[in-house]
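For reference, the structure is listed below as structure tokens.
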Amino acid sequence: MEYKITTNSEEETIELAQNIESEKFPNMVICLEGDLGSGKTLFTKAFARSMGIKENITSPTFNIIKEYIGEMKLFHMDVYRLNEVKEDLGIVDYFNKRGVTIIEWSDLIPDLLPKNRLEIKIRVIDENRRVFVLVPYGQKYEELCASVI
Ligand SMILES: Nc1ncnc2c1ncn2[C@@H]1O[C@H](COP(=O)(O)OP(=O)(O)OP(=O)(O)O)[C@@H](O)[C@H]1O
Ligand SMILES: [Mg+2]
């Protein structure tokens, strides 16, 4: 099952992130795929704010992983430059630290992704419009999509 949602503005994307956040659970993993500037970081920022994280969320392009604390922990990853990093960052260990993990450019690390996860593919339509395709893997994520959409 795939769920397609078009957002016509930044605000509508923020609303979508808030709706998904309201169904969060420990060890939730959200995989974001989409071109440069499609809205992966914007989605993550809105999700973080909705989790009660006050700290400014910055794109973790160079650090790869950033950790925040709100109602739950948030692990924000951007794996775009992962191949330039020589050390093992222990990415998969984050999936069971009881927080929420959001991964930008998750399509670059298919072998590291957990079996159960929410994949979100973002397509740019024009300056202000995006299509979000939600693909749930596993029952929990299917239920989440059903209640969010
Ligand atoms: N409907 C929309 N949803 C999300 N972002 C939108 C929308 N309309 C316009 N935008 C703009 O698109 C840009 C998205 O940038 P963002 O940094 O979130 O992209 P990204 O996918 O994280 O890019 P990168 O791959 O460089 O990390 C922002 O400038 C935002 O204002
Ligand atoms: Mg980004």
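None of the figures in this text is laboratory data; all of them are computed from the coordinates on show. As the structure is a computational prediction, the values presented were derived from the model and not from experiment. So basically every Cβ, Gly included, is an ideal-geometry build from the backbone, and we count neighbours across all protein chains shown.
Given (1) under 18 Å from Val124 (Cα atoms); (2) within 11 Å of ligand 1 (Cβ to nearest atom); (3) surrounded by fewer than 19 Cβ atoms within 10 Å (Cβ to Cβ), where does Ser59 come up short, assuming only one miss? Going through the list (1) under 18 Å from Val124 (Cα atoms); (2) within 11 Å of ligand 1 (Cβ to nearest atom); (3) surrounded by fewer than 19 Cβ atoms within 10 Å (Cβ to Cβ), Ser59 breaks only (1). Residues that are farther than 18 Å from Glu15 by Cα and among the aromatic types (Phe, Trp, Tyr) were ranked within the range 111-149; the one that is surrounded by the most Cβ atoms within 10 Å (Cβ to Cβ) is Tyr141. Scoring Thr44 on the criteria (1) among the β-branched types (Val, Ile, Thr); (2) within 12 Å of Val148 (Cβ to Cβ); (3) buried (at least 22 other Cβ atoms within 10 Å of the Cβ) leaves a single failure, condition (2). Thr6 passes every criterion in (1) within 14 Å of Ile122 (Cβ to Cβ); (2) in contact with a helix residue (DSSP H, G or I) (Cβ under 7 Å, 6 or more places away or on another chain); (3) more than 12 Å from ligand 2 (Cβ to nearest atom) apart from (2). Screening Leu82, Leu74, Leu108 for residues that are within 16 Å of ligand 2 (Cβ to nearest atom), buried (at least 16 other Cβ atoms within 10 Å of the Cβ) and more than 13 Å from the chain's Cα centre (by Cα) leaves exactly one candidate, Leu82.
Taken over the range 1-28, the criterion of being hydroxyl-bearing (Ser, Thr, Tyr) and either free of Cβ contacts under 8 Å to residues at least 60 places away in the same chain or not in a helix (DSSP H, G or I) (or both) is satisfied by Tyr3, Thr6, Thr7, Ser9, Ser22. Return a yes/no flag: does the range 29-40 have any residue that is without any contact (Cβ under 8 Å) to a residue 12 or more places away in the chain, assigned to a strand (DSSP E or B) and in contact with a strand residue (DSSP E or B) (Cβ under 8 Å, 6 or more places away or on another chain). Within the range 29-40, none of the residues are without any contact (Cβ under 8 Å) to a residue 12 or more places away in the chain, assigned to a strand (DSSP E or B) and in contact with a strand residue (DSSP E or B) (Cβ under 8 Å, 6 or more places away or on another chain).
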